[in-house]
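For reference, the structure discussed in these notes is given below.
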Amino acid sequence: MPTRFSFSASKEKMKRQFNLDIKKELQQSFNIGATQNAYILTNNSLDLQIFGWGLIPHWAKDKSVGTNLITAQVEGIASKLSFRLPIRQRRCLVFADSYYEWTKDGRATQPYRIQLKNGELMTFAGVWDVWIDGKGELFKTFSIITVPANQDLQKLGIVRMPALITTGSERSRWLEEQSLATTLNLLQPLEEGWLDIYPISKDIDSLDNNYPELHAPIELSE
């Protein structure tokens, strides 16, 4: 299950891959965690937007619930209170160049960076919502949908992965499709062999660390 990801793309790359016309320079972050901002494309706008990670349902009494809703399992998503409306009416794509996972060996953990082998940016399937506090302030937030891990990740003992949407036609269908059954059918584990997975420094553990060197591979000791 992804709890961190990164985005370090240029507006030129976003234009080439997704045909998004972006005027301003994009903010880069190498260590995005819960409640932090990320770039998404929603089903009701053609413009790239910045939302907070951790969905706050519109009916929530307190915004703190968002820290527990950074991901949504595809299994049963259509009937779960927090997601049953968003999966039908408020879908989004979340942009990333990679995400991170941790493996365990006893009490020790080892972080890994996961990216597409072809060098393209990732788009995670997500859902969004808008919550308004007592002062009338709007909080726009999202959650990343997860599916069972593919065989590449299972080899490391990882059991979940983000639902990756990898083609332009599927991205359009995800945002525009009205049939719930067809929409859910798009959410499948990525085929084996698509991912580049390698160990990185434990500096990624702290959200205070946010710099390009976090992406550097390391050699694991025997």
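The values are calculated or read from the model by the stated rules, or taken from the named source; none is laboratory data. Just so it is clear, the structure is predicted and the values come from calculations on it, not from any experiment. Please note: Cβ atoms are built from the backbone with ideal geometry, for glycine as well, and neighbour counts cover all protein chains shown. Just so you know, the surface numbers come from the protein's heavy atoms only, side chains and all, with ligands and any DNA or RNA stripped out. Shrake-Rupley method; radii C 1.70, N 1.55, O 1.52, S 1.80 Å.
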Summed side-chain charge close to GLY193 - residues other than GLY193 whose Cβ falls under 11 Å, Lys, Arg +1, Asp, Glu -1:
-3
Can you give the log10 of the normalised intensity I(q)/I(0) at q = 0.10 Å⁻¹, computed with Debye over equal Cα scatterers of the chain?
-0.43
Tell me whether the stretch 98-222 comes out rounded, prolate or oblate; compute the Cα gyration tensor, take square roots of the eigenvalues as a ≥ b ≥ c, and use a/c under 1.5 as the rounded threshold.
oblate
Report the charge-dipole magnitude of the chain in Debye, nearest 20, computed about the Cα centre from +1 at each Lys and Arg Cβ and -1 at each Asp and Glu Cβ.
700
Provide the solvent-accessible area of LYS155, counting protein heavy atoms only and rolling a 1.4 Å probe, rounded to the nearest 10 Å².
150
So what is the relative contact order of the stretch 20-133, in percent, for Cα pairs below 8 Å that sit 6 or more residues apart?
25
Quickly estimate the mean residue ellipticity at 222 nm for the chain, helices only: each DSSP H run with n ≥ 4 gives -39500 (n - 2.57), and the total goes over all residues, rounded to 500.
-3000 deg cm²/dmol
Could you state how much accessible area GLU191 has, in square angstrom rounded to the nearest 10, with a 1.4 Å probe and all protein chains kept in place?
130
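Quick check: from the Cα gyration tensor, does the stretch 1-116 come out rounded (a/c under 1.5), prolate or oblate?
oblate
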Ignoring ligands and nucleic acids, HIS58 exposes an accessible area, probe 1.4 Å, in Å² to the nearest 10, of 90
Give a residue-ordered list of calculated ³J(HN,Hα) values for the stretch 187-197 (Karplus: 6.51 cos²θ - 1.76 cosθ + 1.60, θ = phi - 60°; whole Hz; x for Gly, Pro).
8, 10, x, 5, 4, 5, x, 8, 9, 9, 10
Between VAL94, VAL159, VAL74, where does the largest GNM mean-square fluctuation fall for the chain, given springs only between Cα atoms within less than 10 Å?
VAL159
Return the whole-Å distance between the Cα centroid of the stretch 43-72 and the Cα centroid of the stretch 195-222.
27
Could you work out the relative contact order of the stretch 98-222, using alpha carbon pairs under 8 angstrom and six or more residues apart, expressed as a whole percent?
26
